[in-house]
Amino acid sequence: MGRLARTCQTASDVLERLCLFGAGALLVANLAAVMLGVFSRFFRPPVWTTDVAKITLVWMVMLAAAPALKRGEHMAITMLADRLPPGRRALVIWVRRAIFVFLLGLMAVLGFQYAAKMQALTIMTLGIKKTVPLLAVPVGMVLMLVEFGLGLCVPPPGAGAQKDPGGAP
């Protein structure tokens, strides 16, 4: 493995650990908010627990999406590509990757634009701007783009095998 591949592998591993640590911390916060809301239901439940649970759930999923991409855990339908001869298979994989990058980029741009438009609105129960939960989607898309790009620089395990590097769907 070359120097660039090692650097990309290291960066990918660090990004994966950071995302999983953040997702794990949000899982703990989510569980705490849900449990507080459930157990205090018979008394006087805090009104903010539902909003905290929703926000932490969305952020948790979007942070975990990049590590899932790296590990190849996103759903992909490869039935067509697997039945094609190698030349056409490479073309289908290239087109699939291009569409994937385009859609992630589009969702990131549109997500940031929408979050910026919602800057004036506040979630009353938490006193935070509505931009905070809305940024989860574009941030998650950017993290997936970075992970995908890093994955393209790293040769797949068993480099002789016809594997789709980068874990692209």
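The values are calculated or read from the model by the stated rules, or taken from the named source; none is laboratory data. Just so we're clear, the structure is a prediction, and the values are computed from it rather than from any experiment. So basically every Cβ, Gly included, is an ideal-geometry build from the backbone, and we count neighbours across all protein chains shown.
I'm trying to understand the selection: among the residues of the stretch 76-93, which are part of a helix (DSSP H, G or I) and exposed (fewer than 11 other Cβ atoms within 10 Å of the Cβ)? Explain how you work it out, then say what you get.
As a first pass, look at the stretch 76-93 and keep what is part of a helix (DSSP H, G or I): 79-83, 86-93.
Passing the criteria: 79, 82, 83, 86, 87.
State which residue pairs qualify: first residue touching a residue at least 40 places away in the same chain (Cβ under 8 Å) and over 20 Å from residue 46 (Cα atoms) and inside the stretch 117-132, second residue of a type in the set (Val, Ile, Thr) and part of a helix (DSSP H, G or I) in any location, beta carbons under 9 Å apart, and separation of 6 or more residues or different chains.
Qualifying pairs under 9 Å: 132/55.
Given the conditions (1) under 27 Å from residue 155 (Cβ atoms); (2) touching a residue at least 40 places away in the same chain (Cβ under 8 Å); (3) not charged (D, E, K, R); (4) not in a helix (DSSP H, G or I), and given that residue 67 satisfies all but one, which numbered condition is not satisfied?
Failed condition: (4).
From the residues in the stretch 23-64 that are part of a loop (DSSP other than H, G, I, E, B) and of a type in the set (Lys, Arg), which one is nearest to residue 150 (Cα to Cα)? Full working, then the answer.
Filtering the stretch 23-64 down to residues part of a loop (DSSP other than H, G, I, E, B) leaves 40-48.
Subset that is of a type in the set (Lys, Arg): 41, 44.
On the way: 41: 46, 44: 49 Å.
Taking the candidates together, the pick is 41.
Under the condition of being within 21 Å of residue 125 (Cβ to Cβ) and among the hydroxyl-bearing types (Ser, Thr, Tyr), which residue from the stretch 10-68 is nearest to the chain's Cα centre (by Cα)?
Taking the candidates together, the pick is 56.
Among the candidates 17, 6, which residue alone is among the charged types (D, E, K, R) and either in contact (Cβ under 8 Å) with a residue 40 or more places away in the chain or more than 27 Å from residue 131 (Cβ to Cβ) (or both)? Spell out the reasoning first.
On the way: 17 fails: either in contact (Cβ under 8 Å) with a residue 40 or more places away in the chain or more than 27 Å from residue 131 (Cβ to Cβ) (or both).
Criteria check complete, one pass: 6.
Filter the stretch 61-100 for residues that are of a type in the set (Val, Ile, Thr) and modelled with pLDDT of 95 or more and give the result. Working first, answer last.
Of all residues in the stretch 61-100, those of a type in the set (Val, Ile, Thr) come to 61, 77-78, 92-93, 95, 99.
The answer is 61, and nothing else.
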